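**Student:** Attaching a single structure in structure tokens format; questions to follow.
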Amino acid sequence: MITFCKKTHLARTSFTLSQFSFKHTLPMARSALDEVSDSGSFVRTASTFRNSISRDPSSQFPAESGRYHLYISYACPWACRCLSFLKIKGLEKAISFTSVKPIWEKTKEGDEHRGWVFPATNSEEPGAELDPLNGAKSIRDLYELASTNYSGKFTVPVLWDKKLKTIVNNESSEIIRMFNTEFNDIAENAALDFYPADLRHQIDETNEWIYNRINNGVYKCGFATKQEPYDEAVKQLYDALDKCEAILGKQRFICGNRLTEADIRLFVTLIRFDEVYVVHFKCNKKVLREYPNLFNYTKDIYQIPGMSSTVNMQHIKRHYYGSHPTINPFGIIPRGPDIDYARPHDREKFSA
């Protein structure tokens, strides 16, 4: 889910490139399939647009209803954790969103690069829509609208400023923090705080090992090109899943009996695990359904109002199995296992 651009422009705004904060990582890859080191290990490069929306009305990007738009893919776990926050916080009336098509396609004529694209019509791909703001044909187009000198990944999510016609931020971990606090004067569920002060240290520590070993860990397994880095990634992944299983045997959520951002970040990987990662990324040592606590925990979060609408399993499966030809050259999509996450779970035994 990582794609890259060559050049962009900011002609329609009064800001220069120097006014926006970027972090560049070289050398550049053109997709996630290229982000593999000589040792055969997958190494994810950093996001680049790192500006923030603020409750301060005098800030460069103030929190205003109707000003921002979130571009996502239902297939992408990083984008879906942003959509989850948008839904749970009750920001749908304040922040609009659009999803791209699930399978990567060519992003520009005369260029072999493949990445996230919009449908040609709103009826072409259920769940995907035309770009309502810029008439962009691909996510790449948005990056090329945002900056003259941008050289980085064409990723989702993209948090877009309609007023300045530029990208505010494309780092999901930062976008969810903005949605959690900066829009509370607008949010319908402003009282919900998924990064409470008394749990921040624990949440940060939990996020770190879950990201490295599970969220990004499945990619380290799937994109490894040599046995040794794959074996190391699989061990770390299952050690971390075992740790989660033990924690969730004592409490309802990963940081206690309150739902936090750490749960949403973990959920987006778990919901894809048996349907995709077990087969496509060779994470088959043990399926999620063999972990009683983790499986019921995944159902519990899926059933939180708003969460199920962020899960489009058709998009998820079509993307992974159809966009990585070096892993699945014929693009065949497995039929199963078709898990019903709306079925009852046992997590009410813990207070929440």
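The values are calculated or read from the model by the stated rules, or taken from the named source; none is laboratory data. Just so it is clear, the model here is predicted, and its values are computed rather than measured. Counting neighbours? That spans all protein chains shown, and the Cβs are built from the backbone with ideal geometry, glycine included. Surface accessibility is based on the protein's heavy atoms, side chains included, excluding ligands, DNA and RNA. Shrake-Rupley method; radii C 1.70, N 1.55, O 1.52, S 1.80 Å.
**Student:** If you take the charge dipole of the chain about its Cα centre, with +1 on Lys and Arg Cβ and -1 on Asp and Glu Cβ, which of Phe97, Tyr297, Ile333 is farthest toward its positive end?
**Tutor:** Farthest towards the positive pole: Ile333.
**Student:** Say each of Asp204 and Arg258 gets a label point 7 Å from the Cα, pointing the same way as Cα to Cβ; how far apart are those two points in nm?
**Tutor:** Reported label-point gap for Asp204 and Arg258 is 1.7 nm.
**Student:** Would you mind telling me which residue in Ile254, Ile95, Ile333 has the biggest mean-square fluctuation in a Gaussian network model of the chain, where springs connect alpha carbons within a distance under 10 angstrom?
**Tutor:** Maximum among the listed residues: Ile333.
**Student:** Solvent-accessible area of Lys108, probe 1.4 Å, all protein chains present, reported in Å² to the nearest ten, please.
**Tutor:** In the full protein context, Lys108 sits at about 80 Å².
**Student:** What do you reckon, how do Arg335, Arg177 stack up by accessible area (1.4 Å probe), largest on top? Could the numbers behind the result be given before it?
**Tutor:** Numbers: Arg335 210, Arg177 75 Å².
Solvent-accessible surface, decreasing: Arg335, Arg177.
**Student:** At 1.4 Å probe size, put Val278, Val218 in order of accessible surface, largest to smallest.
**Tutor:** On the way: Val278 20, Val218 0 Å².
Result of the area sort, largest leading: Val278, Val218.
**Student:** Nearest 20 debye, what's the magnitude of the dipole of the stretch 206-352 about its Cα centre given +1 on Lys and Arg Cβ and -1 on Asp and Glu Cβ?
**Tutor:** Values: 21 positive and 17 negative charges, 23 e Å.
Result for the stretch 206-352 is approximately 120 debye, rounded to the nearest 20.
**Student:** Also, quick follow-up: Taking all pairs of different Cα atoms in the stretch 134-187, averaging 1/r and flipping that mean, what Kirkwood radius in angstroms comes out?
**Tutor:** Numbers: mean 1/r = 0.0817 Å⁻¹.
The Cα-based Kirkwood calculation yields 12.2 Å.
**Student:** Taking 0.36 nm per intervening residue step and subtracting the Cα-Cα distance, what contour gain separates Gln314 from Lys285 on full extension?
**Tutor:** Numbers: separation 29, 0.36 × 29 = 10.44 nm, distance 2.43 nm.
Length difference between fully extended and current span is 8.0 nm.
**Student:** Charges on Cβ only, +1 for Lys and Arg, -1 for Asp and Glu, centred on the Cα centroid of the stretch 204-352; of Leu266, Tyr320, Ile210, which one is farthest towards the dipole's positive end?
**Tutor:** Of the candidates, Tyr320 comes out farthest on the positive side.
**Student:** Just going by the charge dipole of the chain, with Lys and Arg at +1 and Asp and Glu at -1 on Cβ, which of Tyr71, Cys244, Cys82 is farthest out on the positive end?
**Tutor:** The residue sitting most towards the positive pole is Tyr71.
**Student:** For q values of 0.09 Å⁻¹, compute log₁₀ I(q)/I(0) with the Debye formula on a Cα-only model of the stretch 184-335, without solvent.
**Tutor:** -0.31
**Student:** Assuming R0 = 56 Å, what is the FRET efficiency of Tyr195 and Glu109, from their Cβ-Cβ distance, to the nearest 0.05?
**Tutor:** The pair Tyr195/Glu109 has a calculated efficiency of 0.80.
**Student:** What is the percent carbon and sulfur in the accessible area of the chain, measuring with a 1.4 Å probe over the protein chains and ignoring ligands?
**Tutor:** Numbers: 7350 of 14820 Å².
Of all accessible area on the chain, carbon and sulfur atoms account for 50 percent.
**Student:** Using the Cα gyration tensor of the stretch 147-240, with a ≥ b ≥ c the square roots of its eigenvalues, what is the shape: rounded (a/c below 1.5), prolate (a/b larger than b/c) or oblate (neither)?
**Tutor:** Here the stretch 147-240 falls in the oblate category.
**Student:** With contacts defined as alpha carbon pairs under 8 Å and 6 or more residues apart, what's the relative contact order of the stretch 231-315 in percent? It would help to have the intermediate numbers written out before the result.
**Tutor:** On the way: 45 pairs, mean separation 22.3, N = 85.
Relative contact order of the stretch 231-315: 26 percent.
**Student:** Which ³J(HN,Hα) values in Hz, rounded to whole numbers, follow from the phi angles of the stretch 171-183 under the Karplus curve 6.51 cos²θ - 1.76 cosθ + 1.60, where θ = phi - 60° and Gly and Pro get x?
**Tutor:** Karplus-based 3J(HN,Hα) across the stretch 171-183 equals 10, 4, 5, 7, 4, 5, 5, 4, 4, 5, 10, 6, 9 Hz.
**Student:** Still on this structure: Find the centroid of the Cα atoms in the stretch 276-352 and in the stretch 146-167, then give the distance between the two in whole Å.
**Tutor:** 30 Å
**Student:** Further question on the same structure: Quick one: putting +1 on the C-beta of Lys and Arg, -1 on the C-beta of Asp and Glu, what dipole do you get for the stretch 230-283 around its Cα centre, in Debye to the nearest 20? Mind dumping the intermediate values first?
**Tutor:** Values: 8 positive and 9 negative charges, 47 e Å.
The calculated dipole for the stretch 230-283 is roughly 220 debye.
**Student:** Also: Treating only the Cβ of Lys, Arg, Asp and Glu as charged (+1, +1, -1, -1), what charge dipole size does the chain show about its Cα centre? Round to the nearest 20 debye.
**Tutor:** Numbers: 46 positive and 43 negative charges, 60 e Å.
So the magnitude is around 280 debye.
**Student:** Can you tell me how much longer the chain between Gln227 and Ser54 gets when fully stretched, taken as 0.36 nm per residue apart minus their C-alpha distance, in nm with one decimal? Numbers along the way, then the final one.
**Tutor:** Numbers: separation 173, 0.36 × 173 = 62.28 nm, distance 4.56 nm.
Here the segment from Gln227 to Ser54 would lengthen by 57.7 nm.
**Student:** Let me ask something additional. Starting from the Cα-Cα distance between Thr148 and Asp338, subtract it from 0.36 nm times their residue separation and give me the gain in nm to one decimal.
**Tutor:** Numbers: separation 190, 0.36 × 190 = 68.40 nm, distance 4.47 nm.
Full extension from Thr148 to Asp338 adds 63.9 nm.
**Student:** Which of rounded, prolate, oblate describes the chain, given a ≥ b ≥ c as roots of the alpha-carbon gyration tensor eigenvalues and a/c under 1.5 marking rounded, otherwise prolate only if a/b is larger than b/c? Mind showing how you got there, number by number?
**Tutor:** Values: a/c = 1.59, a/b = 1.17, b/c = 1.36.
In terms of gyration-tensor shape, oblate.
**Student:** Can you give the calculated 222 nm mean residue ellipticity of the chain, where each DSSP H run of n ≥ 4 adds -39,500 (n - 2.57) and the sum is split over every residue, rounded to the nearest 500 deg cm²/dmol? Walk me through the numbers before you get to the answer.
**Tutor:** Numbers: 9 runs with 103 residues, N = 352.
Taking each H run of at least 4 residues, the total per residue is -9000 deg cm²/dmol.
**Student:** Also, quick follow-up: Kirkwood hydrodynamic radius, computed over distinct alpha-carbon pairs, for the stretch 294-352: how many Å, to one decimal?
**Tutor:** Details: mean 1/r = 0.0741 Å⁻¹.
The Cα-based Kirkwood calculation yields 13.5 Å.
**Student:** Taking the alpha-carbon distance from Lys162 and a cut-off under 16 Å, which lysines remain once sequence neighbours fewer than 8 residues away in the same chain are dropped?
**Tutor:** Once the sequence-local lysines are set aside, what remains near Lys162 is Lys93.
**Student:** Could you provide, to the nearest whole Å², the per residue accessible area of the chain with probe 1.4 Å? Before the final figure, lay out the partial values.
**Tutor:** Details: 14820 Å² over 352 residues.
So the chain comes to 42 Å² accessible per residue, rounded to a whole number.
**Student:** Could you tell me the relative contact order of the chain? Use alpha-carbon pairs under 8 Å, at least six residues apart, and round to a whole percent.
**Tutor:** Values: 645 pairs, mean separation 70.8, N = 352.
Reported as a whole number, the value is 20 percent.
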